[in-house]
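First the structure, in the form of structure tokens, and then the observations on it.
The values are calculated or read from the model by the stated rules, or taken from the named source; none is laboratory data. Everything numeric here is computed off the predicted structure, so don't read it as measured data. Note: ideal-geometry Cβ built from the backbone for every residue, glycine included; neighbour counts use all protein chains shown.
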Amino acid sequence: MKNLRPLFLVCLGFLSFNLQAQTQVVKGTIIDQQAEYPIIGASIIVANSEPLIGTVTDLEGNFRLEKVPVGRQTLIVQYVGYKSITLPNVLVTSGKEVVLNVKLEESVEKLDEIVITADANKDLPLNDLAKVSGRTFNLEETLRFSGGRNDVARLATSFAGVSAPDDSRNDIVVRGNSPTGLLWRIEGIPMPNTNHFAAFGTTGGPVNALNPNLLATSDFLTGAFPAEYGNATSAVFDVGFRDGNKDKFEFTGQLAAFSGLEFMAEGPVFKETGGSFIASYRYGIASLAATGTSATPFFQDFSFKLNSGNTKSGKWELFGLGGISNIDFLGDEIEEDDLFANPNEDAFVENGLGLIGLSNTIKLNKTTFLKTTVGVNYNSSDFDQDNLFRSEPNGPITGKYRATESEQQENRLTLSSTLNKKFNAKWSLTTGFLNETYDLKIDTKNADNRNLADEGLDNNNDGIPDLLPQVLFVDDQYNLTQVFAQAENNITDDLSLTFGLHGQYLDYTEDFIAEPRIGLSWQARPNQRWSVGYGLHSQVVPGPVLFYTEFDPANNTFERTNDELDFIKSHHFVLAYDRNLGTDWRLKAEAYYQSLFDVPVESTPSSYSVINEGSDFEFREKGNLVNDGTGFNTGVELTIEKFFSKGYYLLSTASVFNSKYEGSDGVERNTAYNGNYVYNLLLGKEWKFGPGGKNAWTFDTKFTTAGGRPYTQINLQETINNGGREVFNENRAYEESLADYVRWDVKFGVRLNSKNKNISHQFFVDLQNVLGIENEFTRRYNEVTGRVDVVEQNGFFPDVMYRIQF
């Protein structure tokens, strides 16, 4: 905490400033929702402004409002023949201009005005083809919610149907599915993992490399998603980078205990076409991070987007994300409650990730546009492990040997193209393709012969196991090709139907699947909406399983025995009901059923299933798997939300679910993610102060409780006989559960606007797990004590952040 004292003193100094009222520019673009052509002459006004502040859009659909008072404002957007929109709680600060991109939906019935409150439709994603199980999220929510650590993945844990009772990682468990079923898309390009310290085949990690300050309003979809999304069975994070300010240079500096030190710049380029740039660099302050280990992590990342503006050849966008991270776990320096390390091992981890893409959007005519994107992404992980010899438990180290060397690298070249056509107010069509060319290299050497038939492999007779080459060796190139088409029919202003087909082909296994998708939304009354959705979704088997290599003692060779596995498949059925409970309140309920099939399981009777993998740094791979496993997830979700108004907001989400599977032994069991329930309660309040009430004290809190995850008991005696390598009672898989997870976070903050300059400050202290509850993390064999011990999660941790914008 000593390192935080200078930050406290700096921020307290800002509180002594004499603050006065300030104004700012609010600007943006208004376009048609389906065809994305600019709407000329649309009006936008600041509600309750005196004198009235308002304007109309120009030939490019652009608008600009001058001298908008700082604070939370309500904007009204109207155009004849379109459904009008009210945008409440637009946060205006003195340090940064507000940029809005508003999409209006054409009215089928050509009414003069249909008013929609944007906050009341947060359950509707930006992608209007998604009729169920979708929600938008934005920068302010990421920063506002307590316990979020500036991480968009952790933000999602506040939404219904999402469970992540793990303080050390941000794996997203949606409706009882494995986190491997999640798809990350950045600007339309699939990315295997967006996290530092990520493991091959997983989608989560300890620290997210996505900088929320760079994100545009984006979509999070949790089931029965539209036909354009493929290679995912549980959920989709569809993330976009926002454009920089095209009129002036702006800067952001930020310091946070968990996400580190950051500097961001944005401003105009190619002024004649309205181009802009935005770029951000972050450096992890390892000594302050609550990572669940006493080892010192290091990470840094860089993100950017360059926008050409409107040129004769269309709109060009160059974007990218890159990051590196490393950590050393030294066995003689770790604490007993370390979540990751082993006292009898030294482990050294290095990771890298990167993405660079170029997209072009060109208008073929007023109602048709074509977007083409090419991108390359890169993920790598190097892991070295030394096993330590000790004369006695907890005694001094007497020797060590290199037990594992592993290098993993996955490169993807992505090419996609999407054609969007609006025929009229009723009909629109979206169609396209996406091709990913994989270049995968894995080289793992292992001296731990307990995996091999020959227990005593020591060719040089030095008493140390030999480091074997090609325990796992992969050097392959292959393609995953996806095509889709989806139509929307707005039958009336109250009834909308979408239907489509997605197909994908993996040339490595020569497997193809066609996946139908359909959704229907009915506005039964002005304040009530019913929706249904169905989709067949499939996904390639995770890489560590598909390319698993087994030692064949008969031939003294290593063979792949899983490389003919077909896609994992899942039927999604969703029924949703939405009701506005007055101006600022809404209720949303969803019931769902998911049927999973063709899940890889062992060819001989056992409880193993790939359905339980994906929430750790490694897979419990098995060989000779077949696509004979099944599973199902069923549940109901309830959301009650009061959108920010009258100085406060409230979000209450409850999920009750059941997640089961069958291995090749035919026994129905809990999955590893069947916690049965999740409940979240979030509450926030602002108190205005200073002349004009343009500054605010803020208070936010979050309470979470979730059912303990099932686990398989360790057979202690067999583990001891196996030299400390854990042996599980597989015939009783997932019969026991960890204790229920309980956590309460409390955040205090202040938002300030400078007296005379365009500068704003924000400061908060987020007291995470304020009660210091020691939630269970796992049960693990302790080589020091010779027992199976409970490993506890992080206790109390204060996350502190200061941000300045100018």
Reported set for the stretch 314-323 where residues are surrounded by fewer than 19 Cβ atoms within 10 Å (Cβ to Cβ) and modelled with pLDDT of 95 or more is Leu318, Gly322
Within the stretch 169-188, which residues are crowded, with 24+ Cβ neighbours inside 10 Å and more than 13 Å from the chain's Cα centre (by Cα)?
Arg175, Gly176, Asn177, Ser178
Considering Lys757, Lys747, which residue is basic (Lys, Arg) and at pLDDT 95 or above?
Lys747
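If you take the residues in the stretch 600-627 that are acidic (Asp, Glu) and under 20 Å from Arg732 (Cα atoms), which one is surrounded by the most Cβ atoms within 10 Å (Cβ to Cβ)?
Per the criteria, the residue is Glu613.
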Is it true that some residue in the stretch 64-80 is touching a Phe, Trp or Tyr at 6+ places or on another chain (Cβ under 6 Å) and within 22 Å of Glu140 (Cα to Cα)?
no
Has the stretch 686-693 got at least one residue that is surrounded by 21 or more Cβ atoms within 10 Å (Cβ to Cβ) and among the basic types (Lys, Arg)?
no
Before we move on, is Asn351 assigned by TED's automatic domain parsing to the domain that holds Gly230, touching a Pro at 6+ places or on another chain (Cβ under 6 Å), assigned to a strand (DSSP E or B) and over 18 Å from Thr430 (Cβ atoms)?
no
Could you say whether any residue in the stretch 288-307 is at pLDDT below 85, more than 24 Å from Asp616 (Cβ to Cβ) and in the same structural domain as Gln385 (by TED's automatic domain parsing)?
yes
Among the residues in the stretch 93-101, are any closer than 27 Å to Leu495 by Cα and crowded, with 16+ Cβ neighbours inside 10 Å?
no
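Test of understanding: among Asn658, Asn633, Asn627, Asn680, which residue is at pLDDT 95 or above and either farther than 30 Å from Arg586 by Cβ or in a loop (DSSP other than H, G, I, E, B) (or both)?
On inspection, the qualifying residue turns out to be Asn627.
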Just checking, which of Val750, Val791, Val765 is farther than 30 Å from Thr23 by Cα and in a strand (DSSP E or B)?
Val791
Quick check on Leu501: is it assigned to a strand (DSSP E or B) and within 19 Å of Glu590 (Cα to Cα)?
no
Condition check for Ala235: closer than 26 Å to Asn351 by Cα and at pLDDT below 90
no
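Is it the case that Ala591 is surrounded by fewer than 18 Cβ atoms within 10 Å (Cβ to Cβ) and assigned by TED's automatic domain parsing to the domain that holds Pro516?
It is true that Ala591 is surrounded by fewer than 18 Cβ atoms within 10 Å (Cβ to Cβ) and assigned by TED's automatic domain parsing to the domain that holds Pro516.
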Taking first residues from the stretch 294-312 that are on the phi > 0 side of the Ramachandran plot and surrounded by 18 or more Cβ atoms within 10 Å (Cβ to Cβ) and second residues anywhere that are part of a strand (DSSP E or B) and not polar (S, T, N, Q), the pairs with Cβ under 6 Å that are 6 or more apart or on different chains are Gly309/Gly275
Test result for Glu730, touching a Ser or Thr at 6+ places or on another chain (Cβ under 8 Å), at pLDDT 90 or above, closer than 30 Å to Leu388 by Cα and not hydroxyl-bearing (Ser, Thr, Tyr):
yes
Only one of Ser615, Ser609, Ser595 is of a type outside the set (A, V, I, L, M) and free of Cβ contacts under 8 Å to residues at least 40 places away in the same chain; which?
Ser595
Of all residues in the stretch 771-801, which are hydroxyl-bearing (Ser, Thr, Tyr) and either in contact with a Phe, Trp or Tyr (Cβ under 8 Å, 6 or more places away or on another chain) or not assigned by TED's automatic domain parsing to the domain that holds Val742 (or both)?
Thr778
Is there a residue being modelled with pLDDT under 90, outside the structural domain of Lys688 (by TED's automatic domain parsing) and in a strand (DSSP E or B) anywhere in the stretch 49-57?
no
Filtering the stretch 187-198 down to residues that are more than 29 Å from Thr296 (Cβ to Cβ) and part of a strand (DSSP E or B) yields Ile189, Pro190
Being within 30 Å of Glu637 (Cα to Cα) and among the polar types (S, T, N, Q) narrows Thr698, Thr719 down to just Thr698
Report, ordered by the first and then the second residue, all pairs with beta carbons closer than 7 Å, sequence separation of six or more or different chains, a first member in the stretch 229-257 that is within 19 Å of Gly500 (Cβ to Cβ) and among the aliphatic types (A, V, I, L, M), and a second member that is at pLDDT 95 or above and in a loop (DSSP other than H, G, I, E, B).
Val236/Tyr229
Before we move on, is Leu565 surrounded by fewer than 17 Cβ atoms within 10 Å (Cβ to Cβ) and not assigned by TED's automatic domain parsing to the domain that holds Leu87?
no
Per the filter on the stretch 18-48, residues closer than 21 Å to Asn756 by Cα, among the polar types (S, T, N, Q) and outside any loop (DSSP other than H, G, I, E, B) are Thr23, Gln24
Out of Thr404, Thr414, Thr418, Thr437, report the one residue that is among the polar types (S, T, N, Q), outside any loop (DSSP other than H, G, I, E, B) and out of contact with any Lys or Arg (no Cβ under 8 Å at 6 or more places or on another chain).
Thr414
Expected single match for crowded, with 17+ Cβ neighbours inside 10 Å, part of a strand (DSSP E or B) and not aliphatic (A, V, I, L, M) among Phe258, Phe251, Phe225, Phe237 is Phe237
Take Ser652 and tell me if it is in a strand (DSSP E or B) and of a type outside the set (D, E, K, R).
yes
If we scan the stretch 146-159, do we find a residue that is farther than 26 Å from Gln254 by Cα, touching a strand residue (DSSP E or B) at 6+ places or on another chain (Cβ under 8 Å) and modelled with pLDDT of 85 or more?
yes
In the set Phe551, Phe547, which member is aromatic (Phe, Trp, Tyr) and in contact with a Lys or Arg (Cβ under 7 Å, 6 or more places away or on another chain)?
Phe547
Hey, Gly724 within 25 Å of the chain's Cα centre (by Cα) and either surrounded by fewer than 20 Cβ atoms within 10 Å (Cβ to Cβ) or outside the structural domain of Thr698 (by TED's automatic domain parsing) (or both) or not:
no
